[in-house]
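*Asks:* Questions regarding the structure given below will be posed in turn.
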Amino acid sequence: MSKPFEVRRARDVARWSNEADVVVVGLGCAGASAALEAGSAGADVVVVERGSAGGGTSAMSGGVIYLGGGTPIQKQCGFDDTPEEMFKYLMASCGQHRDEVKIRAFSEDSVAHYHWLVAQGVPFKPVFYPHYSGEPPTDDGLVFSGSENAYPYKDIARPAARGHVPQIPGKAGGLLMEKLIASLERTSARILTDMRCETLVVGEDGAVAGVVLKHFGEETTVRARKGVILTAGGFILNRDMVAVHAPDLARCQFLVGSDGDDGAGILMGMGAGGLAINMSMGSISLPIIPPKKVQFGVMINAQGQRFVNEDSYYGRLGEYVMYRQEGRAWLVLDEKCFERPEVPREIVAVGESTAEIESALKLPAGSFAATVELYNRHAERGEDPLFHKSREWLAPLEPPFAALDCCVDTSFYASFTLGGLRTTIDGEVMTPEGGIVPGLYAAGRTSAGLAAPGYSSGISLGDGSYFGRRAGRRAAR
Ligand SMILES: Cc1cc2nc3c(=O)[nH]c(=O)nc-3n(C[C@H](O)[C@H](O)[C@H](O)COP(=O)(O)OP(=O)(O)OC[C@H]3O[C@@H](n4cnc5c(N)ncnc54)[C@H](O)[C@@H]3O)c2cc1C
């Protein structure tokens, strides 16, 4: 299934089963945020969800939310952040296809968005957890979740931790969704579960007028007087769409999603005339830490050469291996920095010398020796003129060595999609000609993400909830 869904004509709907001002399709973080804001703006809201409860992939997630610009938690943890520094980091990290207008708004409104989440009941503990780039095992509320404190970003924007994590040990996405849905249930919004949206209904004027749903095999409809907001997740679990648009993502062992990530939201939007962009883009994670100590090692390619600073965020490492090294890389450690990464990685070579590693990994003779010689010469002085790894992780490497597998096809990588419907800053779905599809909005992974590529943890829940709110407000207008 990769063809846009055919719309139903309003004239073919004999009788609407239900109606509302705003219909939200999918109750993950983007849908809950959209519904809450549409309701606050005075709209009568119906949320339709294909599952028997809301939550979606958001509820399975780590719950890290990218927020900054000087949130109370950042201040209490000693980070001096401003909207401008957050903007500079995101502009530098979010790839060539980034949307400057959206990044500006996301950064400038981030403190207010934090307060909105707190007002919905989402708790954050003002304690910084220093060891991870993802959700901490503790209930601490702040982590570094990207490459903010690594080259080149640390020289572009003042580093600040921006991964905000709801207060619960381990995966916090469940708590985030529990709080957002509880907040929504306190409003007059109607939540209809076990309702799979099959397609959109379009009026004679081309405006989206409602949705067609399936409820235990029975067809039903909801008329949307003001608009439909598509927040139905991404497409990582739609094999056909991934094969057509993002085949590299399918090479990763772990496709990060839930059943709803079947692309239906995107295909519905395209069927109504919307344009999908950045469809090959995704988050590609190569987790090597924790433990952080392995960052003393060197990551090498099939030519035995380094190609990135090893203290980069795991999303940057993943992208670099996938796209710049044809998916082949190894992390070589010596005895001082050897420790098994928490996400298992096979030891594919051990050697008493650089030559033994070259032979075991079938690298060109002398290539790894040259890499180690150059690396050590500078590491002795705490320098890395090639890739600028932080001094903190620099020390000469000495045999014996062990190489951990970081190849895409044989080791653990995780991916999810970041492409989707092109939207305005207020979530209006755009057409290929640059206009908008009247009455149609999208947010979360049904829309094209803020990062494309250049993902940092937390941007998905961050952009989904923030732009979901904006779509809700605009649809209610
Ligand atoms: C293990 C894991 C860890 C992650 N950690 C993080 C993290 O820490 N931070 C972060 O930012 N991101 C993280 N992500 C990614 C993030 O969870 C998702 O990208 C994000 O939750 C997407 O939110 P959404 O609202 O767009 O979609 P979802 O949360 O998936 O919500 C979409 C909803 O729409 C429903 N739906 C789908 N199709 C239909 C239909 N046809 N009709 C009606 N309903 C429909 C679905 O059932 C679902 O409830 C993680 C993902 C996983 C799996």
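Each row is one residue, and each column tells you yes or no for (1) surrounded by fewer than 17 Cβ atoms within 10 Å (Cβ to Cβ); (2) closer than 27 Å to residue 244 by Cβ; (3) within 16 Å of the ligand (Cβ to nearest atom).
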{"position": "385", "(1), (2), (3)": "yes, no, no"}
{"position": "399", "(1), (2), (3)": "yes, no, no"}
{"position": "405", "(1), (2), (3)": "no, no, no"}
{"position": "422", "(1), (2), (3)": "no, yes, yes"}
{"position": "435", "(1), (2), (3)": "yes, yes, no"}
{"position": "441", "(1), (2), (3)": "no, yes, yes"}
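*Asks:* Can you name every residue in the range 55-86 that is surrounded by 23 or more Cβ atoms within 10 Å (Cβ to Cβ), of a type in the set (A, V, I, L, M, F, W, C) and within 6 Å of the ligand (Cβ to nearest atom)?
*Replies:* 64
*Asks:* Looking at the range 194-221, I want the residues that are without any contact (Cβ under 8 Å) to a residue 24 or more places away in the chain and have a partner that is within 10 Å of the ligand (Cβ to nearest atom) and in a strand (DSSP E or B) with Cβ atoms under 9 Å, at least 6 apart or on another chain. Which pairs are those?
*Replies:* 214/196; 214/197; 214/198; 215/192; 215/196; 219/198; 219/213
*Asks:* Mind listing whichever residues of the range 443-477 are more than 9 Å from the ligand (Cβ to nearest atom), assigned to a helix (DSSP H, G or I) and in contact with a helix residue (DSSP H, G or I) (Cβ under 8 Å, 6 or more places away or on another chain)?
*Replies:* Across the range 443-477, the qualifying residues are 466, 467, 469, 470, 471, 472, 473, 475, 476.
*Asks:* Let me ask something else about it. Residues in the range 266-278 that are away from the ligand (no atom under 15 Å from the Cβ) and either of a type in the set (Phe, Trp, Tyr) or within 25 Å of residue 93 (Cβ to Cβ) (or both): how many?
*Replies:* The total comes to 2.
*Asks:* Check off (1) over 20 Å from residue 465 (Cα atoms); (2) more than 26 Å from the chain's Cα centre (by Cα) for residue 186 and give me the number that stays unchecked.
*Replies:* Result: residue 186 passes all but (1).
*Asks:* List pairs: first residue in the range 81-93 and more than 16 Å from residue 150 (Cβ to Cβ), second residue basic (Lys, Arg) and in a helix (DSSP H, G or I) anywhere in the structure, Cβ distance under 9 angstrom, at least six positions apart or on different chains.
*Replies:* From residues that are more than 16 Å from residue 150 (Cβ to Cβ), the pairs are 81/75; 83/104; 87/104; 91/104.
*Asks:* Within the set of pairs 6 or more residues apart or between chains, which connect a residue that is over 27 Å from residue 130 (Cβ atoms) and in contact (Cβ under 8 Å) with a residue 40 or more places away in the chain inside the range 291-307 to a residue that is basic (Lys, Arg) and in a loop (DSSP other than H, G, I, E, B) with Cβ atoms less than 7 Å apart?
*Replies:* 302/328
*Asks:* OK, next. Provide a single number: the residues in the range 1-54 that are away from the ligand (no atom under 14 Å from the Cβ), of a type in the set (Ser, Thr, Tyr) and farther than 17 Å from residue 200 by Cβ.
*Replies:* 2
*Asks:* Quick one: in the range 44-94, of everything that is part of a helix (DSSP H, G or I) and aromatic (Phe, Trp, Tyr), which residue is farthest from residue 171 (Cα to Cα)?
*Replies:* Across the range 44-94, the extreme among qualifying residues is 87.
*Asks:* Give me the pairs: first residue in the range 311-327 and more than 18 Å from residue 143 (Cβ to Cβ), second residue part of a helix (DSSP H, G or I) and acidic (Asp, Glu), beta-carbon distance under 9 Å, and six or more apart or on different chains, which are they?
*Replies:* Final answer for the pair search is 322/248; 323/248; 327/248.
*Asks:* Determine if the range 245-265 includes at least one residue that is within 14 Å of the ligand (Cβ to nearest atom), part of a helix (DSSP H, G or I) and among the small types (Gly, Ala, Ser).
*Replies:* For the range 245-265, residues within 14 Å of the ligand (Cβ to nearest atom), part of a helix (DSSP H, G or I) and among the small types (Gly, Ala, Ser): present.
*Asks:* Name every residue in the range 286-335 that is within 18 Å of residue 148 (Cβ to Cβ) and in contact with an Asp or Glu (Cβ under 6 Å, 6 or more places away or on another chain), in order of residue number.
*Replies:* If the condition is that a residue be within 18 Å of residue 148 (Cβ to Cβ) and in contact with an Asp or Glu (Cβ under 6 Å, 6 or more places away or on another chain), then 290, 295 are the ones that fit.
FYI, it's all coordinate maths here, none of it is from the lab. Just so we're clear, the structure is a prediction, and the values are computed from it rather than from any experiment. Positions of Cβ are backbone-derived with ideal geometry, glycine not excepted, and every protein chain shown enters the neighbour counts.
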